[in-house]
Amino acid sequence: MTIEHPDVLEAVTYEEAGEFVVAVVPTSYTSAVGIREHLWKHHAFPAHVVVVRELPTTTDGAVDLATLGAEVAALDESQRSRYVAPSGDLEEHLAALVAEVLDIDRVGVLDDFMDLGGDSMHVIQLSTLIMQRFGADLSLEAFFEASSVRNLAQAVQHKS
């Protein structure tokens, strides 16, 4: 499969433990979340996306999937992205609000707000909507600390 994305220099897809994995080498800084959402939008399939510095190769030039798999297993969560659906009404409503504010199709509960394209203006919009719908007055700092729908849901529950 060819991954056409302006921030992807090269990529390889493979299956690991029944899960579709896309390892990408970015042209510059990019988030795995952004690439995962691009794949969802243009190819409509779930994928576990990881950002790597380079794709390891065998002596004949093929991608060394065994070495790549070991490297992927050693990555921390900030270098991986897997869609996790909202659970419960609050997470579902917050994910829908984040998607609305950022004008994207779907948001997972572990997706980082900034990686999805959020900025301070989006935070203000989201803060206003959360106050109107849930009565929770969250500070800007709370949004940047929470950074995901799951953490926002916890903050809203705490403030409500």
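Bear in mind these aren't lab numbers, they're just calculated from the coordinates by the rules spelled out. This is a predicted model, so every value here is computed, not measured. Every residue, glycine among them, receives a Cβ derived from its backbone with ideal geometry; neighbour counts consider all protein chains shown.
Tabulated data
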| read-out | value |
| --- | --- |
| Diffusion constant of the chain at 20 °C, which comes from Stokes-Einstein with the Kirkwood Cα-pair radius and 1.002 mPa s, µm²/s | 127 µm²/s |
| Estimated FRET transfer efficiency (ILE104, GLU54; beta-carbon r; R0 30 Å; 0.05) | 0.55 |
| Cβ-based net charge around ASP64, under 12 Å, with every Lys or Arg adding one and every Asp or Glu removing one | -3 |
| For the stretch 70-160, Kirkwood radius (reciprocal of mean inverse C-alpha pair distance, Å) | 13.4 Å |
